[in-house]
1. Based on other C-beta atoms within 10 Å, arrange Asp333, Asp118 from fewest to most.
2. Within 10 Å, count the other beta carbons around each residue, average over each peptide in 212-223, 149-160, and list them highest first.
3. Set the Förster radius R0 to 41 Å, insert the Cβ-Cβ distance between Val153 and Val76 as r into 1/(1 + (r/R0)^6), and round the FRET efficiency to 0.05.
4. Do the alpha carbons of any pairs in Lys129/Lys353; Lys53/Lys376; Lys42/Lys376; Lys42/Lys261; Lys44/Lys360 sit beyond 29 Å of each other, and which pairs?
5. How far apart, in nm, are the 7 Å Cα→Cβ label points at Gln363 and Gln264?
6. So which trypsin sites (Lys or Arg not before Pro) in region 145-236 pass both tests, a DSSP loop state and at most 15 other Cβ atoms within 10 Å of the Cβ?
7. Scan the chain and note any complete DSSP helix (H) whose C-alpha atoms cover at least 18 Å along its axis and whose Kyte-Doolittle average is 0.5 or more.
8. Kirkwood hydrodynamic radius of region 153-242 from all distinct Cα pairs, in Å?
Amino acid sequence: MQKLIKFLTSRLHTFTRFETLEHFIIFLETFLYHQRLTWDRKNKHPIPTRKTKLIPWYTQSALVIFVACAIPVKVVLEILAYKKDPEFTLTTGLMFSLFQSILTISVVNVFTYIFKIDELRFGLGNLWKMKNTADANFEPRSDPPQYDMVGIVFHGFIPNVLTYPITAATLPFLLQRDDPLYHILRPATFIPSNLRLLLRVCFLFFGAMHCATILLLGTIFCLTIGEAFRTCQNVLLFGTKNPKIMFGRNLFFPFSMDLHKYRQLSIIAKVTNEFIYYTLPVSFLVEILGGVVCGYILIKMTGLIPITLTVLVANCAILMIVIILWVVRQFGDVFYQSGDVIRAWNLSVGESKYRSRQVKSCQRLRIELGPFCFIKNETRLEMISQMTYYTISLVMSV
């Protein structure tokens with residue numbers, strides 16, 4: 001036990017938020033199956049996966065899409081039915097809502113990975129190079145902490161891609177008539193009951209595994225992108241530790257070099273917004289809906305449902321809160337840090353009209369929420385307030 005604690009302590013400093021992506025992709029390749037991007041262990045950056053290795057990914061994606069389409073059809077048929085199903089209870093409705101929330105965001109991510117993988121490769125690959133260059137040149141104003149708590153927390157979520165499907169596979173035994181797959185497969189009376197139970201277990205296990213993998217990978221992508229933008233803008237704002245560059249910065253101010261880097265970040269921000277154009281708005285909406293359902297289950301139904309389901313819902317709620325507090329915040333910091341960079345340049349250009357015009361041509365970097373708005377630091381407070389308001393309203397009214 002002491003050797004294990006000593007090993008973990010010695011490795012904790014490597015559990016940073018930027019290395020989470022590398023560790024997670026390697027974990028998936030080793031224990032599960034390949035994703036759309038694989039990890040180049042020689043050059044230390046993500047690369048496209050060969051199509052022959054993506055057969056399990058496409059198969060499970062098709063399974064998730066099928067279930068995501070079957071649940072709304074079942075709900076609509078139940079609403080339009082003249083004689084209501086007596087087995088369709090409040091718990092069943094909550095399970096349908098929770099399942100559909102997870103499946104909806106998973107399907108959107110699946111199509112994004114299929115049709116916009118080139119944007120992800122371009123944006124993430126260039127950000128990766130710029131971030132590594134920034135790490136080599138950045139001189140922090142204070143000593144960095146020994147451990148990256150955000151990175152450690154997200155590393156702690158990695159085993160969930162195994163615990164979630166195992167827990168979901170037990171639902172047919174714990175909630176015999178409340179999981180959505182029971183109602184979907186019930187009309188298929190030509191299938192023996194034992195085989196239907198086996199199909200439910202298999203669908204829940206592999207579907208939950210794929211959903212957990214896709215959603216956690218998407219979250220880590222966003223975390224990595226936000227961290228890379230933050231590091232690159234810190235170099236523009238606070239300078240480097242290279243003596244030659246610092247000498248030039250203090251006396252001659254290599255404005256053209258910094259402006260070129262800022263233009264690169266602007267292009268990468270545009271490409272990133274194109275990649276998350278549909279994913280981010282759906283994710284925010286579904287996260288609020290899922291948070292309301294999880295809050296209601298934890299407040300009103302604890303003790304009425306199996307303890308394993310309660311733990312699963314609590315884990316999902318914690319992950320949603322972590323995403324709002326850290327990932328959304330990093331996206332908001334991109335906007336405010338770019339404003340600090342432009343403000344610092346306005347104070348440093350002096351009387352040069354040419355440089356002043358160049359600074360005025362720079363716009364703040366924005367991570368956009370689809371066609372609606374862009375993310376600011378206040379966005380996370382608005383999400384938490386909306387989630388809290390609707391959770392309390394649902395608890396008081398139902």
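Laboratory data are not the source of any read-out in this text; all were calculated from the coordinates shown. Here the structure is a predicted model, which means the values were calculated and not measured. Cβ placement follows ideal geometry from the backbone for every residue including glycine, while neighbour counts extend to all protein chains displayed.
1. Fewest-to-most ranking of Asp333, Asp118: Asp118, Asp333.
2. 212-223, 149-160
3. Calculated value: 0.55.
4. On the way: Lys129/Lys353 33 Å; Lys53/Lys376 39 Å; Lys42/Lys376 37 Å; Lys42/Lys261 26 Å; Lys44/Lys360 37 Å.
From the list (Lys129/Lys353; Lys53/Lys376; Lys42/Lys376; Lys42/Lys261; Lys44/Lys360), the Cα-Cα distance tops 29 Å for Lys129/Lys353; Lys53/Lys376; Lys42/Lys376; Lys44/Lys360.
5. The answer from the label model is 2.2 nm.
6. Sites meeting the loop and neighbour criteria: Arg177.
7. Those that clear 18 Å and a mean of 0.5 are 55-80, 90-115, 193-238, 279-300, 307-322.
8. Evaluated on region 153-242, it is 16.1 Å.
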